[in-house]
1. Taking H as built 1.01 Å from N, whose amide H comes closer than 5 Å to the amide H of Leu195, not counting residues under 5 places away?
2. Please report, in debye to the nearest 20, how large the charge dipole of the chain is about its Cα centre when each Lys and Arg carries +1 at its beta carbon and each Asp and Glu carries -1 there.
3. Working from Cα positions, state the angle (0 to 90°, nearest 10) between the long axis of helix 6-17 and the longest principal axis of the chain.
4. Please compute the net charge surrounding Thr235, taking Lys and Arg as +1 and Asp and Glu as -1 over other residues with Cβ under 11 Å from its Cβ.
5. Among Ala137, Ala188, Ala98, which one shows the biggest mean-square fluctuation in a GNM of the chain, springs joining Cα atoms closer than 10 Å?
6. Per residue of the stretch 67-79, in order, report the coupling 6.51 cos²θ - 1.76 cosθ + 1.60 (Karplus, θ = phi - 60°) as ³J(HN,Hα) in whole Hz, putting x for Gly and Pro.
7. Among Val175, Ser147, Ala160, flag the residue with its Cα farthest along the positive direction of the charge dipole of the stretch 114-181, charges on Cβ as +1 for Lys/Arg and -1 for Asp/Glu.
8. Mind checking which lysines have their C-alpha under 17 Å from Lys49, skipping anything on the same chain fewer than 8 residues away?
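Nothing in this text is a laboratory measurement; each read-out follows from the coordinates by a stated rule. Please read all numbers here as calculations on a predicted model, not as lab measurements. For neighbour counting, all protein chains shown are included, and Cβ atoms are generated from backbone atoms with ideal geometry for every residue, glycine included.
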Amino acid sequence: MEGLDQAAIDAAARALESGQLVAFPTETVYGLGADAENPQAVAAIYAAKGRPQDHPVIVHLAPDAPLDYWAAGIPAEAHALADAFWPGPLTMILKRAANIPDAVSGGQDTVGLRCPSHPVAIALLRAFKGGRGGVAAPSANKFGAVSPTLAQHVRDEFGADGSVAMVLDGGASQVGIESTIVDLSRLATHGPVLLRPGHISAEAIAAVIDQLPNAPDAAAPRASGTLESHYAPHTPVAMQDSAQLRQTVAGLAAKGRKVALIHYTDLPPTHAAQRLPATPDGFAHALYAALRAMDGQGADVILVEAPPQGGDWLGVNDRLRRAAHGSTGIVHGLLNGQVDA
Ligand code: TXA
Ligand code: MG
């Protein structure tokens with residue numbers, strides 16, 4: 001990453017204050033930001049992304065911003081988690097304060113808050129409204145598509161349409177998958193609920209608040225990143241374990257099919273391939289750029305070597321499962337010649 005460009009950051013803060021959209025780096029993925037207290041600006045995010053209006057967006061805060069401006073009835077657990085993990089890749093869902101526009105909350109009685117740790121994000125949040133504002137920002141991708149981890153990904157998706165005033169470049173997002181989301185808005189009745197797994201694990205949260213977050217039930221608030229089909233490239237995606245993958249690669253090669261491979265152990269060469277680090281953090285860091293790169297190879301399928309199951313791999317497995325969701329049967333179809341190449 002290059003050094004902080006304060007002039008660009010100040011220009012971006014002024015653009016946000018005037019109601020425009022600014023894309024900015026965070027340690028998880030790039031966000032598409034707007035002034036959270038300006039309903040028209042928030043509406044412009046939905047329009048640019050092609051996202052349904054009833055999906056709430058996360059409000060990003062500067063370090064040490066007063067939580068009680070944004071949230072009401074804040075439990076001690078929220079302060080403890082903020083102390084432990086902010087700035088960082090944790091989003092907390094809390095009861096919203098009265099002054100939060102409906103557009104931010106998607107009409108729900110809660111608000112998602114997060115203080116990101118990327119230095120450019122922090123500098124932007126400090127420059128915007130003198131550090132007292134909130135920047136509403138979903139990931140800076142079109143609805144349902146893979147989240148961006150490079151400024152170039154954002155330019156590729158929004159550069160042409162004029163909806164985004166500025167893209168701040170902060171290099172590659174270090175974490176690479178979206179923040180962990182924990183819902184603390186119904187603690188008394190439901191306990192803490194893990195709405196989206198991420199770099200900060202349920203166990204790490206439990207170590208701070210003495211309660212392991214529950215899995216969401218059917219009544220949990222809707223989270224767009226928790227739709228079954230999400231984070232999906234245009235090319236179909238299938239996940240297989242290493243042994244099965246070898247056979248599939250050989251079978252598809254025999255059929256003249258083009259395979260783009262995302263793997264982390266030694267595997268035979270294919271039409272295109274990208275090898276990722278065999279650690280949860282390394283894999284997560286590289287995953288979205290790899291999905292985008294393999295999506296651009298004109299392959300019939302993106303085959304992903306299934307990562308191990310287990311705690312630290314939960315976030316990566318969650319995102320891969322969603323990326324593959326719409327592609328059930330693709331490998332069988334290609335092997336049996338039932339799918340047009
Ligand atoms: O890492 C991240 O969280 C990134 C960066 C830019 O901060 N942002 C991100 O935003 O992933 P987005 O909108 O793509 O995903 C945020 C998720 C969505 O699934 C949304 O529905 C959920 O957070 N969310 C936001 N506010 C919520 C609320 N009040 N209740 C339930 N879910 C909420
Ligand atoms: Mg998103």
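1. Counting only residues 5 or more places away or on other chains, the set is Ile181, Val182, Asp183.
2. Dipole size: approximately 640 debye.
3. Around 70 degrees separate the two axes.
4. Neighbourhood net charge equals 0.
5. The residue with the greatest mean-square fluctuation here is Ala188.
6. Values per residue, Gly and Pro as x: 5, 6, 6, 9, 10, 10, x, 6, x, 4, 4, 5, 5 Hz.
7. Most positive-ward Cα: Val175.
8. Lys142
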